[in-house]
1. Write out, first by first residue and then by second, each pair whose Cβ atoms fall under 9 Å of each other, whose residues are 6+ apart or on separate chains, and whose first residue, in the stretch 158-170, is open to solvent by 30 Å² or more (accessible area, probe 1.4 Å) while the second is modelled with pLDDT under 90 and of a type in the set (Lys, Arg).
2. So, in the stretch 52-107, how many residues would count as being farther than 23 Å from residue 223 by Cβ and in contact with a Ser or Thr (Cβ under 6 Å, 6 or more places away or on another chain)?
3. Does any residue of the stretch 290-302 turn out to be open to solvent by less than 30 Å² (accessible area, probe 1.4 Å) and either small (Gly, Ala, Ser) or in a strand (DSSP E or B) (or both)?
4. Among the residues of the stretch 254-275, is any in a strand (DSSP E or B), farther than 28 Å from residue 192 by Cα and not acidic (Asp, Glu)?
5. If the Cβ limit is 8 Å and pairs must be 6+ apart or interchain, which residue in the stretch 39-52 that is open to solvent by less than 30 Å² (accessible area, probe 1.4 Å) pairs with which residue that is of a type in the set (Val, Ile, Thr) and modelled with pLDDT of 85 or more?
6. With 262, 226 as the choices, which residue is open to solvent by 20 Å² or more (accessible area, probe 1.4 Å), touching a residue at least 40 places away in the same chain (Cβ under 8 Å), over 30 Å from residue 59 (Cα atoms) and under 15 Å from the mean Cα position of the chain (by Cα)?
7. For the stretch 114-149, name all the residues that are among the hydrophobic types (A, V, I, L, M, F, W, C) and either out of contact with any strand residue (DSSP E or B) (no Cβ under 8 Å at 6 or more places or on another chain) or open to solvent by less than 10 Å² (accessible area, probe 1.4 Å) (or both).
8. Report yes if residue 281 is open to solvent by less than 60 Å² (accessible area, probe 1.4 Å), touching a residue at least 40 places away in the same chain (Cβ under 8 Å) and either not in a strand (DSSP E or B) or not acidic (Asp, Glu) (or both), otherwise no.
Amino acid sequence: MWRCPAIVCLLILSTPGPARAGGDPWTPERLFNKGAAPLHLGRLAPDMSSPSASECEVCHAAEAKEWSQSLHRKSWTQPLFQSAYRVEPMAECRNCHQPLTANRRPTASVVTLRDEGVTCAACHVRQGSILSASVSGRAPHPVTRASALSTSEFCGGCHQFSFPERGHRGQLRATDEPMQDTLAEWRRVSEAGQTEKTCQDCHMGWQEGKDGRRRRGHRFQGGYDPDVLRQAIQIKPVLKNEGDGASLSLTLSAREVGHAVPTGDLYRSLEIEATLVDAVGKELPLAGVQRQQLKRRFLSRVEEDGRGALQVRRRQVEDDRLVPGQPRTLIFRFSALEKAGATGVRYRISLHRSPPGDLTFDREAPQAPRFFDREAPQAPRSFDREAPQAPRSFDREAPQAPRSFDREAP
């Protein structure tokens, strides 16, 4: 397993079908087909010579700069994705991660466009027009209002799909088991009254441009961003004595999110580590590091398809990720504290990705964010109350205390 600073997003785009009579023709269902085919834009907008982002950045410099720092921009080149793709080089992976070039011969110009990943045109260009959630009337090119761009369902066109399988003639089809379930998670959280926000509200927040007009951000911040993760998880630590040892209880809650934490890639997990430290905060290697993970868990099963043929299908058997409104409490127990020379406990929470196979991944700088890295709060010997909620800035150590833990931390 590898701590991942930037997690691959599987993006699925396809050929639009015919327009519907009346209403807004640009629905998510028309724009995307969950990786079954590459994206076909139709004709480009007037004065566009290429679907490359270089055509857009002249006028949309701020958006282009933000996009260039995003995982949409790195959807094909990101080392973690490339390592996984070498194990399973499937067409549907190419359809999503290089949506404009998946079935094209890799000439120099195609490679340049391929390496842009999910570029501007993947969302905004269709059939000779630029799609936008709103129309100002000031653009020098045709703009078509597509209200779908401001909905969570638009994002679900890429971030909600099932495991694929091949039929008896080799055709690609989807099973009924979600591979990425982010849109369905958002719907469940929204229906439970835990959020009123759309995907865009969190991942494309409103910003004010130099001209004073509001625009959506295009960095698409997510689980790879330490600040986003800090905001998404609330911690309630309790440390208390148990004989000659101690126990650390961490109650974790998802906050201000509209889906599970982590979401998306089925290989993502939250890893929580706890270890003993001495009086100067040095970790005690002989005491070991205890680890627990919160993630989806799957088993492969042999099942019959609709034609009676046997298929190996992956089925989810457990999901203990954080969901808004459903806190989870993890317990870490330590023994023989005095013998180990321990005076404190340090815990860390980080985003992990377990590779689908025995892989060595290339890292991207900076290293995976250890976005919580502090010692569990400790206190004098006689007390019986709960620790305060962990602060949002987790890059410090809490005060240490005597070796005998006989009450809950402040």
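The values are calculated or read from the model by the stated rules, or taken from the named source; none is laboratory data. The structure presented is a predicted model; accordingly, all values stated were derived computationally and were not measured. Because the Cβ atoms are built from the backbone with ideal geometry, glycine has one as well, and the counts that use them run over all protein chains shown. Please note that ligands, DNA and RNA were not included when accessible areas were found on the heavy atoms of the full protein model with its side chains. Shrake-Rupley method; radii C 1.70, N 1.55, O 1.52, S 1.80 Å.
1. 160/34; 162/34; 164/34; 164/173; 166/173; 168/307
2. Summing the residues that are farther than 23 Å from residue 223 by Cβ and in contact with a Ser or Thr (Cβ under 6 Å, 6 or more places away or on another chain) in the stretch 52-107 gives 1.
3. So far as the stretch 290-302 goes, yes, one or more of its residues are open to solvent by less than 30 Å² (accessible area, probe 1.4 Å) and either small (Gly, Ala, Ser) or in a strand (DSSP E or B) (or both).
4. Yes, the conditions are met somewhere in the stretch 254-275.
5. 41/125; 45/125; 45/130; 51/119; 51/125; 52/112; 52/119
6. Going through 262, 226 in turn, just one is open to solvent by 20 Å² or more (accessible area, probe 1.4 Å), touching a residue at least 40 places away in the same chain (Cβ under 8 Å), over 30 Å from residue 59 (Cα atoms) and under 15 Å from the mean Cα position of the chain (by Cα): 226.
7. Within the stretch 114-149, 118, 120, 121, 122, 125, 131, 146, 148 meet the criteria.
8. Against the criterion (open to solvent by less than 60 Å² (accessible area, probe 1.4 Å), touching a residue at least 40 places away in the same chain (Cβ under 8 Å) and either not in a strand (DSSP E or B) or not acidic (Asp, Glu) (or both)), residue 281 qualifies.
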